[in-house]
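Written out below as structure tokens is the structure these notes cover.
Only the coordinates and a few stated rules stand behind these numbers; no lab work does. Everything numeric here is computed off the predicted structure, so don't read it as measured data. We place every Cβ from the backbone using ideal geometry, glycine too, and count neighbours over all the protein chains shown.
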Amino acid sequence: MKELTIAGQPIRPGEFKEININIARLPSRTQIDTPIYVYRAPVDGPTLALTAGMHGDEINGMEIVRRIIDGGHHKVLRGTTVCMPIINVYGFLNYSREVPDGKDVNRSFPGSRNGSLASRVAWHLTHDIIPFIDVGVDFHTGGAMRTNYPQVRCVMQDPRNVELAHAFHAPFTIDSPFRPHSLRQTAAKQGKNIIVYEGGESLRMDAAAIEEGIHGTLRLMKFLQMIDWAPEPKIESRIVWNSSWIRARTAGIFHPQIQAGDLIHKNQLVGSITDPFGEFREQIKSPVTGYIVGLNNNPVVNAGDALMHMGMDDFCKLHPGE
Ligand SMILES: [Zn+2]
């Protein structure tokens, strides 16, 4: 069997190893380590990375990876799993998306060994993880008090990326080009395929989104022939080609009348904005036919704030006015 080394540590067939990556230390001198759990099956196969907590407040992703480890699902029959439940330990400790200097790790790739905190965290992933994997799922949630209906984001122009997203089979599969300086883009430059799973809201446990994330991961493992059984998807995955935001036309209190995941028809009443003093109520109608793939949960809105993220699949394109 070929040799396998992850983050400088050799992993033998049938071996499980906890590897601690030392990122930096806090101003109090406390060292900050982040653990990576690597399991190598006795039989060769692909190496799959499951990463979460790039944004430190996105707990659903951490919980998905935690339950995969807790349930023993990382101990696959063939290949290797690399589980990293908390990439951004600083953000996790501070209930925040970013690292303490306000930078976003997922806009800091490929990173720099001696750069800012975000860039150091990115550097470790670029050098200690990406070169040794074949495929990855990076788990995220909605931010800024917005919830994302369970969805996989992939690059539709990349057939392998689409294949992986299809195997995961989340309720929505959304075309999402690479963001500059993101993990996905940096991995793609090394010929590695990473898809992003989004489910629920930051700092809120979302049982359905967590379950979808675990089931999707098992389906992906089965597709990669790492395991033999995975739960069948309950619904068809809607392929979303384009998406747009419905924004607040006025400031006030937002009252949605729909739920994330709903199919909305053009001109359908989706909610209203009132002022807090009972003076006015402005109704919000959808300008498009589409699915609610993301929804703002913050009732206090300013003009221009994003209220609902609408995703359009082939059905919506064929029935734009219904
Ligand atoms: Zn995120």
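Among 233-243, 104-114, 136-146, 49-59, the peptide with the highest mean count of other Cβ atoms within 10 Å heads the list, and the full ranking is 49-59, 136-146, 104-114, 233-243.
Work through the residues other than residue 252 whose Cβ is under 11 Å from its Cβ and net out their charges, Lys, Arg +1 and Asp, Glu -1. With Lys, Arg at +1 and Asp, Glu at -1, the net is -2. Derived scalar couplings between HN and Hα for the stretch 38-44 equal 10, 10, 10, 5, x, 10, 4 Hz in order, rounded to whole Hz, by the Karplus curve 6.51 cos²θ - 1.76 cosθ + 1.60 (θ = phi - 60°), x for Gly and Pro. For the residue pairs 75/103; 2/75; 222/266; 192/266; 103/234; 103/266, the C-alpha atoms sit more than 28 angstrom apart in 75/103; 222/266; 192/266; 103/234; 103/266. Computed over the chain with a Gaussian network model linking Cα atoms closer than 10 Å, the most mobile of 93, 183, 164 is 93. In the chain, the longest principal axis of the Cα atoms and the axis of helix 59-70 are about 40 degrees apart. Based on the convex hull around the alpha carbon atoms, the stretch 242-318 presents an average projected area of 4.6 nm². In this structure, the amide hydrogen of residue 140, modeled 1.01 Å from its nitrogen in the peptide plane, lies closer than 5 angstrom to those of 197, 198, 199, counting only residues at least 5 positions away or on a different chain.
Positive end of the dipole of the stretch 5-223 (Cβ unit charges, origin at the Cα centre): among 13, 84, 195, the Cα lying farthest that way belongs to 13. Taking a point 7 Å out from the Cα of residue 277 in the direction of its Cβ, the residues of the stretch 296-322 whose backbone N falls within less than 20 Å of it are 300-303. For the pair residue 235 and residue 315, the difference between a 0.36 nm per residue extended length and the Cα-Cα distance amounts to 27.3 nm.
Please state the equivalent ellipsoid semi-axes for the chain: what are the square roots of 5 times the Cα gyration tensor eigenvalues, largest first, in whole Å?
Working: eigenvalues 260, 113, 50 Å².
Each semi-axis is √(5λ); the values are 36, 24, 16 Å.
With 0.36 nm allotted per residue and the present C-alpha distance subtracted, the residue 20-residue 257 stretch has 80.7 nm of extension available. Taking 0.36 nm per residue of separation and subtracting the Cα-Cα distance, full extension of the segment from residue 12 to residue 302 would add 98.8 nm.
Calculate the dipole size of the chain relative to its Cα centre from +1 charges on Lys and Arg beta carbons and -1 charges on Asp and Glu beta carbons; express the result in debye to the nearest 20. Walk me through the numbers on the way to the answer.
Details: 33 positive and 34 negative charges, 147 e Å.
Rounded to the nearest 20 debye, it is 700 debye.
In the chain, taking the dipole from charged Cβ atoms about the Cα centre, the farthest positive-side position among 237, 270, 218 is held by 218. Here the Karplus relation 6.51 cos²θ - 1.76 cosθ + 1.60, evaluated at θ = phi - 60°, turns the backbone of the stretch 248-255 into coupling constants of 5, 8, 8, 7, x, 9, 8, 10 Hz, with x for every Gly and Pro. For the pair the stretch 229-303 / the stretch 86-116, the C-alpha centres are spaced 31 Å from each other.
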